[in-house]
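The values are calculated or read from the model by the stated rules, or taken from the named source; none is laboratory data. Note that the structure is predicted; figures quoted are calculated from it, not measured. We place every Cβ from the backbone using ideal geometry, glycine too, and count neighbours over all the protein chains shown. Just the protein is used for accessible areas: all its heavy atoms, side chains included, with ligands, DNA and RNA removed. Shrake-Rupley method; radii C 1.70, N 1.55, O 1.52, S 1.80 Å.
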Amino acid sequence: MPKVIIHDAVDPAAFDLLNSRAGMEIVTLERDERARLRREMADADSIILRYLPLDGDDIRAARNLKVIARHGVGYDNIDMAAANECGIPVATIGDANSVTVAELALYLMLAAAKQGPEHDKAVRAGEWWQIREEANTVELYEKTVLVVGFGRIGKLVAPRCQAFGMKVMVCDPYIPQKLISDAGFTHAPDFVAALPQADIITMHTPLNDETRHMINADTLSRMKQGALLVNTSRGPVVDGQALSQALSSGHIYAAGIDVFEEEPPTPANPLFAHNNTILTPHVGGLTRECFHRSAIVCAQNSLDAIDGKLDKSFVVNPEVL
Ligand code: NAD
């Protein structure tokens with residue numbers, strides 16, 4: 001009997017799809033049931049995985065595992081060396097959450113530019129006249145945005161910025177420059193050299209050794225005075241301490257942040273100290289629609305892996321297939 005583990009909450013659509021297969025065993029685990037997870041993995045065919053880190057020992061203990069179905073597109077919570085060593089494919093949800101994250105990036109950009117949370121707080125506190133006097137918001141119109149990473153999400157962020165009348169520069173050294181210019185955007189071959197030209201920088205790269213702390217004290221100092229930063233990629237792409245200092249000094253006007261170096265962040269997180277930071281709890285892919293789509297893709301990837309016909313386009317380590 002095939003067995004699928006679902007760790008943490010997913011949309012009921014995943015259960016419906018898996019249960020459409022006769023004899024399917026579905027094991028659900030709560031977020032903190034780590035010890036049971038290792039036991040259940042021993043004979044599972046698939047695990048639908050949200051945020052939990054899967055280490056090498058977890059993966060090596062899973063003798064029957066045919067897929068790790070990531071409920072997202074980042075897979076930095078999985079020991080990929082162990083998955084490769086054990087021949088286990090890791091499947092993501094492809095572009096199921098791309099538009100969702102792109103919309104969040106635009107929301108953070110707008111909320112930061114318009115000081116949304118500060119104004120909301122002031123209206124509720126009866127500080128109507130005071131906040132109007134102090135209003136210090138900016139427009140996106142005719143500003144230059146630097147989109148860093150032109151993959152599934154960056155590609156959707158760029159035209160949305162253009163629709164707001166922004167000039168769009170794109171930096172992605174791993175794709176042909178023509179893809180960027182053909183899409184109507186300015187190619188920025190060098191990330192560091194592009195920084196002084198941008199009013200807004202929005203991050204859409206994966207997290208890896210090259211991108212960890214790509215936004216740091218040095219790169220922040222190269223940004224324009226009054227630049228706005230948005231990060232919906234992965235927390236460690238930005239050095240939070242350095243960003244906090246740049247916000248304190250006023251060099252950076254505001255930041256919109258969905259992802260943190262430590263998740264959940266502790267109350268001591270340096271970004272909490274700033275009114276001009278718009279913070280969201282890693283909800284880039286958590287609209288109702290996206291949660292539903294993601295569940296279906298994970299369930300389908302599980303069924304396909306059990307049937308030996310996993311769609312390669314979802315697999316991030318296809319060499320193991
Ligand atoms: P993707 O793999 O489709 O695109 C990433 C792009 O970044 C690629 O085109 C790659 O060439 C480019 N890139 C890699 N290194 C770069 C560098 N040093 N400089 C510039 N570009 C570089 O990924 P995606 O689906 O677009 O996701 C982008 C990021 O968003 C990932 O970090 C992912 O984990 C994150 N994400 C966050 C959420 C959320 O809830 N906030 C949801 C989904 C994805």
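If only residues of the stretch 271-309 that are β-branched (Val, Ile, Thr) and in a helix (DSSP H, G or I) are counted, the one that is nearest to Ala242 (Cα to Cα) is Val297. Residue-level check: of (1) in a loop (DSSP other than H, G, I, E, B); (2) within 12 Å of the ligand (Cβ to nearest atom); (3) surrounded by fewer than 23 Cβ atoms within 10 Å (Cβ to Cβ), Glu261 misses just (2).
Return yes or no: is Ala268 without any contact (Cβ under 8 Å) to a residue 40 or more places away in the chain and in a loop (DSSP other than H, G, I, E, B)? It is true that Ala268 is without any contact (Cβ under 8 Å) to a residue 40 or more places away in the chain and in a loop (DSSP other than H, G, I, E, B). One residue stands out in the stretch 75-93 among those that are crowded, with 17+ Cβ neighbours inside 10 Å and within 13 Å of the chain's Cα centre (by Cα): the one that is farthest from Arg36 (Cα to Cα), namely Ile93. Is it true that some residue in the stretch 189-201 is under 19 Å from Leu271 (Cα atoms), buried (at least 21 other Cβ atoms within 10 Å of the Cβ) and either within 13 Å of the ligand (Cβ to nearest atom) or at pLDDT 95 or above (or both)? Among the residues of the stretch 189-201, at least one is under 19 Å from Leu271 (Cα atoms), buried (at least 21 other Cβ atoms within 10 Å of the Cβ) and either within 13 Å of the ligand (Cβ to nearest atom) or at pLDDT 95 or above (or both), which makes the answer yes. The listed residues are Leu17, Leu52, and the only one of them that is assigned by TED's automatic domain parsing to the domain that holds Leu303, surrounded by 16 or more Cβ atoms within 10 Å (Cβ to Cβ) and modelled with pLDDT of 95 or more turns out to be Leu17. Mind checking whether some residue in the stretch 145-153 is open to solvent by 90 Å² or more (accessible area, probe 1.4 Å) and either within 16 Å of the ligand (Cβ to nearest atom) or farther than 29 Å from His213 by Cβ (or both)? Within the stretch 145-153, one or more residues are open to solvent by 90 Å² or more (accessible area, probe 1.4 Å) and either within 16 Å of the ligand (Cβ to nearest atom) or farther than 29 Å from His213 by Cβ (or both). Looking only at the stretch 179-186, decide whether some residue is under 22 Å from Ala255 (Cβ atoms), within 12 Å of the ligand (Cβ to nearest atom) and surrounded by 15 or more Cβ atoms within 10 Å (Cβ to Cβ). No, the stretch 179-186 has no match at all. Scanning the stretch 154-162 turns up at least one residue that is more than 10 Å from the ligand (Cβ to nearest atom), touching a helix residue (DSSP H, G or I) at 6+ places or on another chain (Cβ under 9 Å) and open to solvent by less than 10 Å² (accessible area, probe 1.4 Å).
Candidates are the residues of the stretch 57-101 that are among the charged types (D, E, K, R), free of Cβ contacts under 8 Å to residues at least 60 places away in the same chain and not in a helix (DSSP H, G or I); the one that is nearest to Gly235 (Cα to Cα) is Asp79. Within the bounds of the stretch 217-227, is there any residue that is assigned to a loop (DSSP other than H, G, I, E, B), more than 11 Å from the ligand (Cβ to nearest atom) and among the hydrophobic types (A, V, I, L, M, F, W, C)? Yes - at least one qualifying residue is present in the stretch 217-227. Might you check whether a residue that is within 16 Å of the ligand (Cβ to nearest atom), hydroxyl-bearing (Ser, Thr, Tyr) and within 28 Å of Glu289 (Cα to Cα) occurs anywhere in the stretch 103-110? The answer is yes, given that some residue of the stretch 103-110 is within 16 Å of the ligand (Cβ to nearest atom), hydroxyl-bearing (Ser, Thr, Tyr) and within 28 Å of Glu289 (Cα to Cα).
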